[in-house]
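Let me begin by presenting the structure, written as structure tokens, before commenting on it.
The values are calculated or read from the model by the stated rules, or taken from the named source; none is laboratory data. Keep in mind it's a predicted model, so treat the numbers as computed, not measured. Cβ coordinates were reconstructed from backbone atoms using ideal geometry, including for glycine residues, and neighbour counts include every protein chain displayed. Protein only, heavy atoms only, side chains kept; ligands, DNA and RNA dropped before computing areas. Shrake-Rupley method; radii C 1.70, N 1.55, O 1.52, S 1.80 Å.
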Amino acid sequence: IEQYIDENPHILLTDAQETETYQRTFTGIWASLILMACSIAINMSGSVDKIVREYGASAYDILNGEIYRTVTALMLHASYPHLAGNMVGIAIFGTAVCNITGTGVGWLMILLTGILGNLANAALFRYGHISIGASTSVFGAVGILAAYQLSRKMKIAGQRMKAWLPLAGGLALLGLLGSSKHSDLTAHLFGFIAGIFLGLIYEMYLFYLL
């Protein structure tokens, strides 16, 4: 330990001694199973197209007062591969967020990123656009994690340049996973941005609280 400190004088001892407390949870797995149950029920109903029309994130309908679509669209998926991708994403990133923030706050923030992302997407397109899937919230969770790591590293002397790496990593994930042929890139981007803002607000709240 003494040798490490001698070789890294820019890292303060108080920073090295600071420990984080995380709440161990696997709640993201349960959330992914809920998504699967919803998709199976919808497919078994035989009214998939009708349900998508009535509950998908239609830009025109959202801007005309049907705000509930920003939530219900998160539970709809175009295919089982689409569902599987979002199940994996929500299991990994949703669990990571809740490990940091706690289950209640974590899922509230993740849900809000999906709502805000779909609202912003509707405001952008205004009409003639409909999207479905939980991926807006998945990338919202990525944004929350990126903002959390950015804020934490900015507080450590000598780490401020590296603090931007989590944000760059989040953008790389967005480009890699969120821009496939049939994906709604703008919804993913808005969800990611909403996650960054909510993550920073959460960190500011903890700073003033503590």
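Summary table
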read-out	value
Theoretical FRET efficiency, 1/(1+(r/R0)^6), r = Cβ-Cβ of Ile34 and Tyr127, R0 30 Å, to 0.05	0.45
Rounded to whole Hz, the Karplus (6.51, -1.76, 1.60) HN-Hα couplings of the stretch 58-64, x for glycine and proline	6, 4, 4, 5, 5, 6, 9
Solvent accessible area, Å² - Phe125, 1.4 Å probe, full protein context	80 Å²
Interchain or long-range residues, amide H under 5 Å from Ser58's placed H	Ser131
